[in-house]
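Let me begin by handing over the structure; questions about it come next.
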Amino acid sequence: MVGWLLAGSMLAGACTASSPEVERAAPSGASEATPATEASSQPAAQGSVGRILEHLEALDRIAQRNGGTRAVGSEGYDESVAYVSRHMRQLGYSVVSDRFDFDYFEQLSPTRVERLKPRKAYVDGRDVRAMVYSGAGRVSAPVEPVGFDLRSNDHTGAGCSSDDFSDLPTGSIALLRPGPCYYRDQVVNAQEAGAAAVILAFPEFTRATGVLRPTLLSGAGIEIPALAATDGTGVELARSRTRLRITARTRYSPLRGVSLIAERREARAGDVLMVGGHLDSVMDGPGINDNGSGIATILEMARAVAAKEPDAPVRFAFWGGEEIGLLGSTAYVESLSSQQTTSIEAYLNFDMVASPNFVRYVYEDEIAPAGSDEITDLFTRYFNRQDIEFKTIDLGGRSDHGAFIEQGIPVGGLFTGAEMLKSRRQRKDYGGRAGASMDGCYHRPCDDIDNINQKVLREMVGAIRHALFALLTR
Ligand SMILES: [Zn+2]
């Protein structure tokens with residue numbers, strides 16, 4: 001699951017006010033408490049979850065021996081690609097690499113931000129952080145808040161229009177909040193208006209959560225340092241309008257990434273069902289729930305399909321570059337001819353299906369094309385029959401299904417929660433901890449094998465298997 005690409009991150013979490021705490025997966029013993037599911041599906045689900053955990057352990061080991069990341073462009077990603085490719089081939093699938101161009105971003109040293117009077121150093125990761133594709137440079141300039149109203153409860157930022165910067169003194173550091181456009185647009189507008197750097201203060205980042213690394217989607221056209229900051233840092237800077245010294249050492253270089261596309265050679269001709277999830281992690285973590293969980297589940301579904309319906313018209317996709325802007329899936333669908341596009345009957349996306357402090361979500365994007373509601377119904381009817389609590393969610397295309405929505409292809413999927421805080425109501429319905437993130441390790445180094453909730457994973461696997469075979473055999 002990519003971070004929100006524009007203001008909107010408060011949608012799901014707005015109902016709780018308490019500070020987020022890290023919630024780790026219950027020890028595996030706690031999975032005994034799983035409510036009874038369809039008795040006949042239980043042994044199959046057990047075996048499935050065992051195999052899925054083996055895949056997750058393998059992906060975790062890959063990350064650990066490659067600096068704790070499987071981000072696209074890293075060796076951890078290349079090893080993940082090799083792992084999935086080998087498994088799919090062993091299952092009898094033919095696997096092709098689908099290539100896409102992207103900018104490989106690196107931060108060469110911690111970003112330094114110092115207030116000169118009174119002296120204070122803001123800490124990289126805790127208070128501020130260079131965004132993915134931030135420009136490099138050394139800047140010493142006064143902070144200039146733009147549309148940063150401290151009295152209003154509306155935290156939607158300005159800067160989506162170049163007019164917003166008409167009063168900005170050239171050479172200053174523009175202080176913004178996320179607005180209703182891509183962060184990239186805000187940064188480019190500020191840069192064109194003469195800003196020397198941009199600080200974007202995110203309402204959802206606090207000293208307790210630290211600052212994640214939002215993406216500017218590509219390095220093209222970004223020349224100035226562009227930093228994310230906590231809400232508190234933003235408020236402090238807006239009040240004092242002081243001078244800051246910023247040193248950002250970043251770089252990016254053009255690189256070629258791959259997604260994997262797998263099909264059975266003997267598949268029946270005709271329309272195809274696609275099933276996919278993203279294989280890359282963020283640069284700051286091993287990505288075992290996000291999205292090792294989706295990948296491992298898809299590998300297990302590919303095994304089940306090969307065993308039961310070897311000629312099923314299904315195509316599996318393992319996307320690269322989701323975390324820096326849905327790159328692999330977008331490149332793939334944009335490369336299809338209109339005939340190839342219309343031959344895709346539907347696309348199922350699985351991104352984060354084992355969140356430790358979970359809520360069970362079924363995709364229901366308002367912008368999803370006609371036909372998507374049938375997929376939503378398949379999942380919701382299944383959960384209703386099993387007497388399992390769930391909610392539908394509008395993800396606004398915030399994962400790889402977004403690229404398919406753009407092409408008019410029906411989509412669906414399941415999701416168990418990311419950085420959003422669990423409300424009291426959700427605590428009642430699903431257990432876990434209210435006021436804590438559904439995945440406290442979202443986009444962090446602790447998203448490792450211990451971040452997997454086996455109970456919800458088993459339930460998701462049951463639902464996915466049901467929907468997948470229902471679609472393949474209808
Ligand atoms: Zn993610």
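Coordinate-derived values only; no laboratory data. Computed from a prediction, not measured in an experiment: that's the story for all the values here. Heads up, the Cβs are rebuilt from the backbone with ideal geometry, glycines too, and the neighbour counts pull from every protein chain shown.
Counting other Cβ atoms within 10 Å of each Cβ, which trypsin sites (Lys or Arg not before Pro) in the stretch 76-127 have at most 11 and sit in a DSSP loop? Let's see the in-between values first.
Details: sites: Arg86, Arg89, Arg99, Arg112, Arg115, Arg119, Lys120, Arg126; in loops: Arg119, Arg126.
Answer by residue number: Arg119.
Here is a follow-up. Tell me, what does the Kirkwood hydrodynamic radius of the stretch 33-166 come to in angstroms if you use every pair of distinct C-alpha atoms? Mind showing how you got there, number by number?
On the way: mean 1/r = 0.0478 Å⁻¹.
So the Kirkwood estimate lands at 20.9 Å.
May I ask you to list the GluC sites (Glu not before Pro) in the stretch 297-393 that are in a DSSP loop and have at most 16 other Cβ atoms within 10 Å of their Cβ? All intermediate terms of the calculation are to be shown ahead of the outcome.
On the way: sites: Glu300, Glu322, Glu323, Glu334, Glu345, Glu364, Glu366, Glu374, Glu389; in loops: Glu322, Glu323, Glu364, Glu366, Glu389.
Passing sites in the stretch 297-393 are Glu366, Glu389.
What value, in deg cm²/dmol to 500, does the helix sum -39500 (n - 2.57) over DSSP H runs of n ≥ 4 give at 222 nm once divided by the residues of the chain?
Rounded to the nearest 500, it is -9000 deg cm²/dmol.
Treating cross-link reach as a plain straight distance, find the aspartates and glutamates whose alpha-carbon is under 18 Å from the alpha-carbon of Lys117, omitting any fewer than eight places away in the same chain.
Result set, ordered by chain and number: Asp127, Glu144, Glu236.
For the stretch 167-218, what relative contact order do you get, as a whole percent, if you take Cα pairs closer than 8 Å and at least 6 residues apart?
On the way: 55 pairs, mean separation 22.7, N = 52.
RCO, the stretch 167-218: 44 percent.
Which whole number of Å³ per residue matches the convex hull of the alpha-carbon atoms in the stretch 306-399?
Values: hull volume 14.2 nm³, N = 94.
Each residue corresponds to 151 Å³ of Cα convex hull volume.
Still on this structure: What is the chain's relative contact order, in percent, from Cα pairs under 8 angstrom and six or more apart in sequence? Mind dumping the intermediate values first?
On the way: 1118 pairs, mean separation 106.6, N = 474.
Relative contact order here is 22 percent.
Sticking with this one: Can you give me the Cα centroid spacing of the stretch 370-410 and the stretch 418-474 in angstrom?
Spelled out, the Cα-based centre of one part sits 15 Å from the other.
Please report the antiparallel percentage of the DSSP beta bridges confined to the stretch 104-253, to the nearest 5.
Numbers: 21 of 35 bridges.
Counting DSSP beta bridges with both partners in the stretch 104-253, the antiparallel share is about 60 percent.
Over the C-alpha atoms of the chain, what are the Rg and the largest Cα-to-Cα span, Dmax, in Å?
Rg and Dmax of the chain, Cα atoms, are 22.3, 71 Å.
Could you give the DSSP H helices of the chain that reach 18 angstrom or more along their long axis (alpha carbon positions) and whose average Kyte-Doolittle hydropathy is no lower than -0.5? Display every interim value, and only then the final one.
Values: long enough: 42-64 (32 Å, -0.20); 75-90 (22 Å, -1.17); 293-308 (22 Å, 0.88); 372-386 (22 Å, -1.07); 454-472 (26 Å, 0.77).
TM-like helix candidates: 42-64, 293-308, 454-472.
Describe numerically, in nm with one decimal, the distance between label points set 7 Å from Cα along Cα→Cβ at Arg385 and at Arg65.
Each label point is offset 7 Å from its Cα along the Cβ direction, giving 4.3 nm.
For a footprinting-style exposure proxy, rank Cys441, Cys160 by other Cβ within 10 Å, fewest first.
Working: Cys441 25, Cys160 20.
In increasing order of surrounding Cβ atoms, one gets Cys160, Cys441.
Using the C-alpha gyration tensor of the stretch 331-474, what are the square roots of 5 times its eigenvalues, in whole angstrom, with the largest one first? Working shown, then result.
Numbers: eigenvalues 150, 62, 35 Å².
The equivalent ellipsoid of the stretch 331-474 has semi-axes of 27, 18, 13 Å.
Could I ask something else about it? Within the stretch 116-137, find all residues whose amide N lies under 20 Å from a label point positioned 7 Å from the Cα of Thr242 along Cα-to-beta-carbon.
In the stretch 116-137, the label zone of Thr242 (backbone N under 20 Å from the point 7 Å along Cα→Cβ) covers 116-130.
Binning at 10 Å from 0, report for the stretch 104-253 what percent of all alpha-carbon pair distances ends up in each bin.
Per 10 Å bin, starting at 0, the Cα pair percentages come out as 13, 48, 36, 4, 0.
Now for a separate question. If each Cα of the stretch 40-116 is one equal point scatterer, what is log10 of I(q)/I(0) from the Debye formula at q = 0.11, 0.22, 0.24, 0.26 Å⁻¹?
-0.47, -1.11, -1.17, -1.22
If Rh is defined by the Kirkwood formula over all Cα pairs and Rg also comes from Cα, what ratio Rg/Rh do you get for the stretch 179-302? The partial results should precede the final answer.
Working: Rg = 20.3 Å, Rh = 18.3 Å.
Ratio of gyration radius to Kirkwood radius for the stretch 179-302: 1.11.
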